[in-house]
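Notes to accompany the following structure.
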Amino acid sequence: MKMLSGHSNADGSPERLNRRRFLVAASAGLAGSALAESATAESLADVPAREPGADLSGFSARSQYVKISRIPEAGPGRRNIDPSEAINSKAPLQDLVGTITPSDLHYERSHSGVVDLDPARHRLLVHGMVERPLVFSMDDLKSMPAVTRTAFLECTGNGWENWKKADENVTVQNTHGLVSTNEWTGVPLKFVIGLLGKDPASTWMLAEGGDAAGVARSIPLTEEILDEAILAYGQNGEPLRPAHGFPLRLLLPGMEGNLNIKWLRRLKFGDQPWMTRWETARYTQLLANGKARQFQLRMETNSVITQPSGTMVIRPGRNRITGLAWSGHGRIAKVEVSTDGARTWQEVALTGPALPKAQVRFQLDWAWDGKPTKIVSRSTDEKGNVQPDRKSFIAAMGTNALFHYNAQQTWGIDESGRVRNVLD
C-alpha cells in the first residue's frame, strides 16, 4: 500500500492507507457530508441497476459524460479565439488523473499547421561531418533496434500567463497546459550515428522538420543527449499522431519542446551551431539587462497543483490536493505542499514511480477549515534543483522574458471556497 502523507503513528512513522480508517473518518465528518453519506449507504437500492451495452466497434470513444478537450490559444492571454488564429493547444491538466497524457490530449505547438505525411514516401536524410551520408525510409528505421521511454515534453512558453500579472479567472489548463507526458518508442540516435561514422570533431547536430515552416534547431551533442535521444515513431503504443510529428520526430528527454523536431526529415552534423532563425529571432530569452540568452535548452524543475485549481470551488472538510511535478534535470526527489500561503511546508506522497525526466503525480489529504488561504507546491529533483518562489524567480530573470517560467504556482481560496490564480 502507498503511504498517506500528513499522518503518522505514535512512534512518528508514516501511517498506511487503511479502508477502515477512511470510513471511520468519513462517518465522523472529516470527509465532508457528501462523502460520509456515500460511504455509509445502507441499501442496494442506492446502487444503479445493470444496463445493456452498445455493440463493439473499431474505436473506443470516451463516455458521453466525460467532457474533456484541449483549448486553443494565440499567445499569452489570447484565449477565446478563432481556431485558425491558434499557435498552440493546451492539455486539460485539471481533468487528468494519472501521469500519461492521452495522445489526443497531448498539448500541441505548431508553426504552420499540422501536416499528415505519407510514411511510405517519407525519408530521413543524415549527412554532414560523417563518413557515410545515408537516407533512411520508415521501413529502414523500424527494422532497427528500438527503445521505449516515458518522458515529458514542455513548450518553452509554458507558464507565460503569469510572467507579468495574474489573471484570477484562469484554469491550470491556461497556466500550465503546455506540458504532457507520453510513452515514446523509436530508434536510439546513437545507433543511427554508429551506422554513419560520425567525425569525432562534429559536436553539433542540425535537426530539420518537414512542415512548411521548416523548423530547424542546432543541438549540442553532449554525452547526455547522445545517450538519451530517440528517433521516435511510436506514441503511447501506437504510431505518432500527425499533430505530434507522424511519421517521425526527434525526442530529446528534458529539453525544450521546440528541439524535439516534428516531421523529422534531416539531420546534419557539424562543428558549430547553424544559428537558424529559430535560435536567433525566436527561441531566445530576453533578460532583465536587455541581453538575450541563446541555447537555454533544458526545461527546469517544476510542479503545479491541478486539483483544486483555478476556477474550481471546494467545501470545508476533507479535500484531496493533487498535482504534477517534473524536471528536465532528472528524477523528482520530493514534492512539498503548503496550505497556508508558503509559511509552512510538508512533504507529500508521490503516487507511482518517479521516472527520470517524466511527470510524477503527488497527493495530500487536507482538511480545509473554511478560512481564506493559499495553496502552493514546490518540487526538488535528484540533483538538488528546487523550484523557486515567484519573487526569487523574477529577481533572477526579470519580466522581459517569455520562456522557461517555472516559478511556484499559487492558488488562492476565499471564504466561499472559490479557487483563483494569484501570484503569491
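Brief remarks follow.
- Qualifying residue in the range 222-236 (condition: assigned to a loop (DSSP other than H, G, I, E, B), open to solvent by 40 Å² or more (accessible area, probe 1.4 Å) and over 22 Å from HIS404 (Cβ atoms)): yes
- Sole residue being among the charged types (D, E, K, R) and buried (at least 18 other Cβ atoms within 10 Å of the Cβ), chosen from ARG343, ARG361: ARG361
- Selection within the range 218-263 - hydrophobic (A, V, I, L, M, F, W, C) and closer than 13 Å to VAL187 by Cα: LEU226, ALA229, ILE230, LEU231, ALA232, LEU248, LEU250, LEU251, LEU252
- Check on LEU402, among the aliphatic types (A, V, I, L, M), touching a residue at least 40 places away in the same chain (Cβ under 8 Å) and out of contact with any strand residue (DSSP E or B) (no Cβ under 6 Å at 6 or more places or on another chain): yes
- Considering residues of the range 237-247 that are in contact with a strand residue (DSSP E or B) (Cβ under 8 Å, 6 or more places away or on another chain) and not in a strand (DSSP E or B) only, the residue surrounded by the fewest Cβ atoms within 10 Å (Cβ to Cβ): GLY237
- Residue in the range 201-217 that is part of a loop (DSSP other than H, G, I, E, B) and under 30 Å from VAL170 (Cα atoms) present: no
- If you go through the range 93-112 and keep only what is crowded, with 19+ Cβ neighbours inside 10 Å and outside any loop (DSSP other than H, G, I, E, B), you end up with LEU93, GLN94, LEU105, GLU108, ARG109.
- Residue in the range 226-243 that is more than 22 Å from the chain's Cα centre (by Cα) and in contact (Cβ under 8 Å) with a residue 60 or more places away in the chain present: no
- For PRO253, the conditions (1) within 30 Å of GLN307 (Cα to Cα); (2) open to solvent by 10 Å² or more (accessible area, probe 1.4 Å); (3) part of a loop (DSSP other than H, G, I, E, B) are fulfilled apart from (2).
- Residue that is surrounded by the most Cβ atoms within 10 Å (Cβ to Cβ) [pool: residues in the range 188-200 that are in a helix (DSSP H, G or I) and under 32 Å from the mean Cα position of the chain (by Cα)]: LEU189
- When the residues of the range 138-179 are filtered to those that are in contact with a strand residue (DSSP E or B) (Cβ under 6 Å, 6 or more places away or on another chain) and of a type in the set (S, T, N, Q), the one that is most open to solvent (accessible area, probe 1.4 Å) is THR148.
- Among residues of the range 67-86, those that are assigned to a loop (DSSP other than H, G, I, E, B) and closer than 22 Å to ALA166 by Cβ, counted: 8
- Search result, residues across the range 141-169 that are among the hydrophobic types (A, V, I, L, M, F, W, C) and modelled with pLDDT of 95 or more: LEU141, MET144, ALA146, VAL147, ALA151, PHE152, LEU153, CYS155
- Residue list for the range 290-309, filter: free of Cβ contacts under 8 Å to residues at least 40 places away in the same chain and not in a strand (DSSP E or B): LYS291, GLN294
- Enumeration of residues in the range 32-56 that are open to solvent by less than 90 Å² (accessible area, probe 1.4 Å) and modelled with pLDDT of 80 or more: VAL47, ALA49, GLY53
- Residue, most open to solvent (accessible area, probe 1.4 Å), within the range 310-340, restricted to residues that are in a loop (DSSP other than H, G, I, E, B) and in contact with a Gly (Cβ under 8 Å, 6 or more places away or on another chain): ARG315
- Among residues of the range 40-61 that are among the hydroxyl-bearing types (Ser, Thr, Tyr) and in a loop (DSSP other than H, G, I, E, B), those with a beta-carbon under 8 Å from a residue that is modelled with pLDDT under 80 and open to solvent by less than 100 Å² (accessible area, probe 1.4 Å) at least six positions away or on a different chain give the pairs THR40/LEU23; THR40/ALA26; THR40/SER27.
- Residues that are closer than 14 Å to GLN235 by Cα and of a type outside the set (S, T, N, Q), drawn from the range 94-107: ILE100, PRO102, ASP104, LEU105, HIS106, TYR107
The values are calculated or read from the model by the stated rules, or taken from the named source; none is laboratory data. It should be emphasised that the depicted structure is a prediction, and the values quoted were computed from it without experimental measurement. Note: ideal-geometry Cβ built from the backbone for every residue, glycine included; neighbour counts use all protein chains shown. These area figures cover heavy atoms from the full protein model, side chains too; ligands, DNA and RNA do not enter into them. Shrake-Rupley method; radii C 1.70, N 1.55, O 1.52, S 1.80 Å.
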